[in-house]
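Structure, as structure tokens:
Bear in mind that the values in this text are calculations on the coordinates, not laboratory data. Just so you know, these numbers come straight off a predicted model, no measurement behind them. Because the Cβ atoms are built from the backbone with ideal geometry, glycine has one as well, and the counts that use them run over all protein chains shown.
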Amino acid sequence: MTGRRKLRALTEMYSQKDIAWARGIVDDAFDSAVDKYDYVRRNPIHGGDFVPEFDPIQEQKDAAIRAVLARLWHAKKHALDFDLQPLPLGWEERDEMQGRGPVGHMLKWYARSLEARDYDIVEHPSFRDFVCGMMTDFEGFPEFEELRDRFPPRALPGLDPKVSYWQPLTAQVPIVAKVLRRAPLGEHDGGPEPSSRMAGAEHAELPATVTTMAEVPSAFAAQADADQHFAEITATAFSAAKGTCP
């Protein structure tokens, strides 16, 4: 008999502020659930059923907190990619992604794979690497051609496009994936996604006005847009100054 896989500590992936915010979101969702006193309950965050008599509430909350934090992280990392928001949590939200075309399908498969790894954002490959890996199995599919330039096909160790799940082949695979994610921008395909221009965006502060998960994507989109504009005018200013120097 094998024990459960040890989960990565939240503090290794997120700030204390973000963890506290997510815990508050989850506690409120559980406390206000209409099935609070039912024998069979539904996790208000990811939609899975559980029986409190046999399934500890705290374990349900812990899983929900990981899901909420993953959505927050995804919103920060892809702040300017509006078609990639929000990260779907649970099978119902993932199925809804299918109505959003090719990128929706990829978002669904990525979210499912990430959930299967307990939302370990350090271990699991990035959305970009995941989709590039998936695209290796979509040669000759016209409906996915629109993604080819944005996500050039590139094999990803540990990913089986046939089942749309990633898992480490050996203990070394997560390290390889981590190195790939931290490679210089544009190294693999000649150009980063729009949101990649925001170096360190995933570490951006959560705006104090954000009190619900629904507000997260738009809040970081506005912040990212402002940061990008500042970077562009700063670059222009430096370029102009350089031209006047001896």
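What is the range 1-73 by shape, rounded, prolate or oblate, if you read a ≥ b ≥ c off the alpha carbon gyration tensor as root eigenvalues and call it rounded for a/c under 1.5, prolate for a/b larger than b/c, and oblate otherwise? Oblate, since a/c reaches 1.5 and b/c is not below a/b. Think of the range 8-77 as having a plus end and a minus end, set by charges on the Cβ of Lys, Arg, Asp and Glu; of 32, 58, 45, 45 sits farthest toward the positive end of this dipole. Once both labels are positioned 7 Å from their Cα atoms along Cα-to-Cβ, the gap between residue 57 and residue 20 label points is 2.3 nm.
Just rank 77, 162, 61, 36, fewest to most, by other beta-carbon atoms within 10 angstrom.
Exposure proxy ranking, most exposed first: 162, 36, 61, 77.
Taking Cα centre as origin and charging only the Cβ of basic (Lys, Arg, +1) and acidic (Asp, Glu, -1) residues, the dipole magnitude of the range 8-77 rounds to 500 debye.
When each of 145, 115 is scored by the number of other beta-carbon atoms lying within 10 Å, the sequence from fewest to most is 145, 115. One Cα centroid belongs to the range 48-70, the other to the range 73-110; the line between them spans 22 Å.
Each of 25, 57 was scored by other Cβ atoms within 10 Å of its Cβ. Listed from fewest to most, they are 57, 25. Full extension of the segment from residue 49 to residue 95, taken as 0.36 nm per residue of separation minus the current Cα-Cα distance, would add 14.8 nm.
Anything over 21 Å Cα to Cα? Flag those among 77/162; 36/108; 17/61, in the order listed. Don't jump to the answer; show the numbers that get you there.
Values: 77/162 27 Å; 36/108 29 Å; 17/61 17 Å.
From 77/162; 36/108; 17/61, over 21 Å: 77/162; 36/108.
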